[in-house]
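Here is the structure we will look at, set down as structure tokens.
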Amino acid sequence: MGYAETRAAMQALVTPTEAHRDLYISPDIYRLEMKHLFANTWVFVGHDSQVPKPGDYYTTQVGDQPVILVRHSDGEVRVLYNRCPHKGTKVVIDRAGNTGKFFRCPYHAWSFKTDGCLLAIPLKKGYENTGFEGSEAAKGMRSVGDVRNYRGFVFARLAPEGIGFDEYFGGSLSSFDNMVDRAPEGRLEVAGAPLRYLHKCNWKMLLENQTDTCHPMVAHESSAGTAVKIWEAMPKSPDTPKPMAMEIIAPFMSPYEFFENMGIRTWPNGHGHTGVHHSIHSDYSAVPGYWEQMVAAHGAEKAQAVLGENRHNTCYFPNLMIKGPIQLLRNFIPLAADRTLVETWIYRLVGAPDMLVARTAMYNRLINAPTSMVGHDDLEMYERAQEGLAASPNDWVNVQRLYDPGEDLGAEAVENGTTERQMRNQFAAWVKFMTASMPEAAA
Amino acid sequence: MTREDVIDFLYAEARMLDEGRFSDWLDLWTPEGHYWMPLDWGQTDPIHQTSLLYEDQFMLRLRVERLNGARTFSQKPKSRCHHVLSRPFIDAYDPGGVTRTVTPMHYVETRLDEQFLLAITARHDLVVQDGALKIAGKRVDIVNCDAAFGNIQLLP
């Protein structure tokens with residue numbers, strides 16, 4: 001159905017404990033999300049180690065908008081729309097490269113500085129006395145509304161006006177801090193190509209699943225449960241080391257109690273994380289030499305504090321998840337109401353032993369790849385939900401677990417690890433940022 | 001072992017996969033053999049960058065047992081696959097050591113109403129153990145390895 005572009009129409013789609021199925025299946029709602037939600041929020045673009053030198057660029061999208069992350073000549077990163085102001089041609093086609101001192105459109109050779117300013121047009125006298133200076137085209141390649149590089153992670157807000165970066169993320173940035181502080185040299189570098197996994201489901205299903213702690217022991221019994229069975233049946237002595245793959249996959253079969261006790265923390269504006277007290281990443285074997293490097297870099301007390309924090313999944317509304325303890329990031333890129341591209345990136349802790357990035361690479365291919373058994377388990381559930389939501393007698397998706405009628409999502413809180421509070425937090429943020437630029441009711 | 005044995009072996013392996021005889025397929029491997037499917041074109045490092053697959057015998061066995069599991073919901077109904085092989089190149093022929101082959105093939109996988117095609121190049125390292133050819137290593141390069149894929153549930 002067609003929706004009025006009003007606050008009232010959007011607010012009617014979310015109750016304190018439910019979300020209307022049109023949030024997942026309606027192309028009309030999807031179109032409004034691209035226009036409003038992904039313009040008003042701070043959305044992940046890329047990591048600055050993808051563009052280390054001036055002129056380096058990387059192309060991606062923010063919502064449905066084609067953008068370029070580029071290192072300008074002043075050393076700062078910029079985010080420009082990937083559109084020639086002349087006829088609309090994407091100025092950059094390949095995913096990454098170096099453009100030198102300027103971009104040059106391949107169609108008519110208009111050129112632009114790496115901050116987007118129009119540099120030159122061939123046969124420019126053809127525009128003399130045409131009023132060209134006042135045209136949209138004369139403004140060059142347009143920049144997004146605002147950009148922030150937070151410890152290497154670059155975010156953009158498309159809307160020219162809106163909530164500031166620090167207010168938007170607040171205390172949730174502590175998960176990025178923890179991830180970066182784990183590098184003895186205090187910075188990360190992207191390691192290799194991202195996994196690109198196509199999901200025939202709505203992007204929000206992926207986001208919700210990151211803090212859904214009641215699904216692993218059910219949906220992943222086929223993979224993690226089978227792994228545990230094989231390992232238990234294998235002939236071995238008590239001191240046979242558990243293979244790294246088992247350390248990674250076995251915790252997915254942890255009992256409900258484990259997930260209840262790990263805790264969930266939420267922050268305002270839709271951000272939150274699982275694994276407050278412990279997580280599936282807590283019991284990985286120590287990597288020789290790493291502790292000593294961390295003590296040398298930070299001192300023992302801070303090193304202990306950084307490495308003692310083992311947050312599981314931190315969700316950054318609207319469409320990002322990071323795993324600080326293993327330096328992994330998943331970007332849920334919306335393509336349509338029923339299509340999402342999941343890109344998963346891994347990062348090297350600069351100055352740390354190679355074995356850490358080896359473990360992260362293994363985690364990534366075991367859990368997040370289109371060829372991964374755990375990925376197959378999850379995608380099957382999302383796609384079944386996407387199809388099942390066509391059933392019309394029930395319009396609502398339920399996220400009521402451990403709901404308290406006095407719940408205040410505007411305050412940071414730590415609760416039982418099986419609460420669906422973080423999902424409710426995301427839907428509250430959905431309403432807030434979907435409607436931030438909408439009138440109350442139709443004029 | 002003759003060159004013809006090598007080629008027959010590669011065709012028999014593909015047939016096992018197409019017929020879903022995954023447990024027999026596991027018996028084709030040496031205990032140390034790894035199955036590698038790179039993520040990046042021309043990738044040289046399977047350890048410190050992400051791959052689509054880099055699996056030892058423990059993981060391959062897990063994969064096979066999962067395919068047969070009662071609660072493997074993504075295999076209800078089961079996937080099927082189909083290989084079409086070009087004549088393999090035998091790049092190195094060494095009955096006492098490692099024989100290396102390169103086999104271009106088309107791989108089709110299907111489940112429910114979905115079907116997809118991958119154009120791949122399989123590189124095998126083959127050795128003779130206990131009088132039989134075994135896979136000591138297999139690398140599978142997908143021609144569009146950097147594209148976005150949905151589920152690839154079976155093994156090319």
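Details
- Considering the stretch B:44-55, the residues that are assigned to a loop (DSSP other than H, G, I, E, B) and within 9 Å of another protein chain (Cβ to nearest Cβ) include one that is nearest to the chain's Cα centre (by Cα), namely B:Pro46.
- When each of B:Trp41, B:Trp36 is tested for being exposed (fewer than 13 other Cβ atoms within 10 Å of the Cβ), of a type in the set (Phe, Trp, Tyr) and within 12 Å of chain A (Cβ to nearest Cβ), the lone residue that passes is B:Trp41.
- Residue-level check: of (1) under 29 Å from A:Phe155 (Cα atoms); (2) touching an Asp or Glu at 6+ places or on another chain (Cβ under 8 Å), A:Pro370 misses just (2).
- Residues of the stretch A:128-145 include at least one that is in contact with a helix residue (DSSP H, G or I) (Cβ under 8 Å, 6 or more places away or on another chain), of a type in the set (A, V, I, L, M, F, W, C) and without any contact (Cβ under 8 Å) to a residue 24 or more places away in the chain.
Okay, residues lined up against (1) hydrophobic (A, V, I, L, M, F, W, C); (2) assigned to a helix (DSSP H, G or I); (3) closer than 26 Å to A:Gly63 by Cα; (4) without any contact (Cβ under 8 Å) to a residue 12 or more places away in the chain:
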| site | (1), (2), (3), (4) |
| --- | --- |
| A:Pro288 | no, no, no, no |
| A:Glu292 | no, yes, no, yes |
| A:Ala296 | yes, yes, no, no |
| A:Gln304 | no, yes, no, yes |
| A:Cys315 | yes, no, yes, no |
| A:Leu329 | yes, no, yes, no |
| A:Ile333 | yes, no, yes, no |
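- Scanning the stretch B:105-156 for residues that are within 11 Å of chain A (Cβ to nearest Cβ), in a loop (DSSP other than H, G, I, E, B) and over 19 Å from A:Gly375 (Cα atoms) returns a single hit, B:Asn144.
- Residue check, A:Phe252 farther than 23 Å from B:Phe149 by Cβ and of a type in the set (A, V, I, L, M, F, W, C): no
- Where helices (runs of 4 or more DSSP H) fall wholly inside the stretch A:140-249, the ranges with 2 or more residues that are at pLDDT 95 or above are A:165-169, A:173-181, A:203-209.
- Any hit, the stretch A:376-385, residues being more than 10 Å from chain B (Cβ to nearest Cβ), out of contact with any Phe, Trp or Tyr (no Cβ under 9 Å at 6 or more places or on another chain), buried (at least 18 other Cβ atoms within 10 Å of the Cβ) and assigned to a helix (DSSP H, G or I): yes
- Output for the stretch A:235-249, where each listed residue is under 26 Å from the mean Cα position of the chain (by Cα) and more than 11 Å from every other protein chain (Cβ to nearest Cβ): A:Glu247
- Residues located in the stretch A:280-305, provided they are over 25 Å from A:Glu185 (Cβ atoms) and either surrounded by 13 or more Cβ atoms within 10 Å (Cβ to Cβ) or not assigned by TED's automatic domain parsing to the domain that holds A:Asn319 (or both): A:Ile280
- Filtered residues of the stretch A:336-354 (kept if surrounded by fewer than 20 Cβ atoms within 10 Å (Cβ to Cβ) and facing another protein chain (nearest Cβ under 9 Å)): A:Leu341, A:Glu343, A:Asp354
- Among residues of the stretch A:55-75, those that are part of a strand (DSSP E or B), more than 14 Å from A:Phe112 (Cα to Cα) and of a type outside the set (Ser, Thr, Tyr), counted: 7
- Being surrounded by 22 or more Cβ atoms within 10 Å (Cβ to Cβ) and either of a type in the set (A, V, I, L, M) or within 14 Å of chain B (Cβ to nearest Cβ) (or both) is a property that A:Ile230 lacks.
- Checking the stated criteria, A:Thr240 turns out not to satisfy the condition of being hydroxyl-bearing (Ser, Thr, Tyr) and either crowded, with 23+ Cβ neighbours inside 10 Å or closer than 18 Å to A:Ala369 by Cβ (or both).
- Checklist (1) among the basic types (Lys, Arg); (2) in contact (Cβ under 8 Å) with a residue 40 or more places away in the chain; (3) over 19 Å from A:Lys323 (Cβ atoms) applied to A:Lys229, failing item: (2)
- In the condition set (1) over 30 Å from A:Ile25 (Cβ atoms); (2) in a strand (DSSP E or B), A:His278 is compliant with all but (2).
- Single unsatisfied condition, A:Lys90 versus (1) under 25 Å from A:Leu37 (Cβ atoms); (2) assigned to a strand (DSSP E or B): (2)
- Entry remark, the stretch A:111-131: residues being on the phi < 0 side of the Ramachandran plot and in contact with a Gly (Cβ under 9 Å, 6 or more places away or on another chain) number 7 in total.
- Single residue of the stretch A:8-47 satisfying the filter (closer than 23 Å to A:Val62 by Cα and basic (Lys, Arg)) that is surrounded by the most Cβ atoms within 10 Å (Cβ to Cβ): A:Lys35
- Matching residues, the stretch A:155-193, being within 14 Å of chain B (Cβ to nearest Cβ), at negative phi and touching a Ser or Thr at 6+ places or on another chain (Cβ under 6 Å): A:Glu189, A:Val190
- Screening the stretch B:56-91 for residues that are part of a loop (DSSP other than H, G, I, E, B) and farther than 18 Å from A:Glu221 by Cβ and picking the one that is nearest to the other protein chains (Cβ to nearest Cβ) gives B:Asp56.
- Every residue from the stretch A:243-267 that is over 15 Å from A:His215 (Cα atoms), surrounded by fewer than 22 Cβ atoms within 10 Å (Cβ to Cβ) and in contact with a helix residue (DSSP H, G or I) (Cβ under 9 Å, 6 or more places away or on another chain): A:Pro243, A:Met244, A:Ala245, A:Met246, A:Glu247
- Every listed requirement among (1) more than 14 Å from chain B (Cβ to nearest Cβ); (2) closer than 27 Å to A:Arg21 by Cα; (3) of a type outside the set (S, T, N, Q); (4) touching a His at 6+ places or on another chain (Cβ under 8 Å) is met by A:Glu420 save one, (4).
The values are calculated or read from the model by the stated rules, or taken from the named source; none is laboratory data. Everything quoted here is computed from the prediction, not taken from an experiment. Positions of Cβ are generated from backbone atoms using ideal geometry, with glycine treated the same way; all protein chains shown enter the neighbour counts.
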